[in-house]
Amino acid sequence: MSTPWSAEHGEATPQLAEHSGQSPASPDGFTAALNGTAGTELLVLQSVASATISEAGTRSTIYLSTLSSGLVAIGFASGSPTLLAALVFTVLPTIFMLGWFTVVRLVDNSVENITARRRMERIREYFVSVHPRGPEVIALDDPRSGEYGVRYTRASFLFTMASMIGAANCVLGGAIVALALFVGLHVPALPAQAAGAVVGLTLLGATLVYERRRIRTAG
């Protein structure tokens with residue numbers, strides 16, 4: 001006679017129970033198998049969370065290094081209008097596109113990290129309920145102090161790596177527009193700067209709206 005657990009998960013669970021020293025048909029055997037599976041899942045989620053942070057840091061470093069190199073190149077080319085125009089229409093747009101790709105992936109990293117942490121929290125809640133002394137050993141987050149002592153609000157996404165890189169990239173986008181108008185079309189400096197500021201602020205608003213919607217979907 002099959003149990004609901006075996007019917008749902010096949011024959012793998014009883015085999016796990018046998019390795020735990022419990023009878024596969026006993027409640028203790030199923031509990032041991034579930035605890036082992038939950039522990040393994042917790043380790044996997046921890047690895048995923050760590051990988052998202054590592055990837056986000058690496059991508060941010062790559063973008064900022066590229067942007068820094070581009071700005072240095074502009075400094076050297078500022079004395080030559082022809083060379084400056086070439087940089088404005090080739091190198092800087094390339095860095096700008098790299099920034100957009102970086103922002104999109106950083107938002108994905110944030111969503112993955114949030115999902116992994118919430119799943120880990122559910123597993124921790126399960127382990128707390130396994131034994132009466134569970135709350136003494138595993139401390140759950142306090143709603144008053146927030147997750148690990150940090151309270152996240154609706155505006156917390158403004159302080160993520162995606163928002164940081166997005167802000168820098170939007171400034172770059174506005175600068176490209178201003179330089180294109182000033183160097184390429186010979187528009188006076190003040191109107192060119194104003195147009196660049198408007199474009200940069202518009203891009204920043206669009207970036208933050210995109211990030212907020214993606215994070216809200218994950219929640």
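Assorted remarks:
- In the full protein context, segment 60-219 carries 60 Å² of accessible surface per residue, based on a 1.4 Å probe and ignoring ligands, DNA and RNA.
- Mean separation of Cα contacts under 8 Å (6+ apart) over length of segment 38-121, as relative contact order %: 58 percent
- DSSP-assigned coil residues among trypsin sites (Lys or Arg not before Pro) in segment 154-219, each with at most 12 further Cβ atoms within 10 Å: R154
- Carbon + sulfur, % of accessible area of segment 36-136 - ligands and nucleic acids excluded, 1.4 Å: 67 percent
- Given their separation in residues at 0.36 nm each and the Cα-Cα distance between them, R122 and L83 gain 8.3 nm when the chain is fully extended.
The values are calculated or read from the model by the stated rules, or taken from the named source; none is laboratory data. Quick caveat: nothing in here was measured; it's all calculated off a predicted structure. Ideal geometry is used to build each Cβ from the backbone, glycine not excepted, and the neighbour counts take in all protein chains shown. Surface accessibility is based on the protein's heavy atoms, side chains included, excluding ligands, DNA and RNA. Shrake-Rupley method; radii C 1.70, N 1.55, O 1.52, S 1.80 Å.
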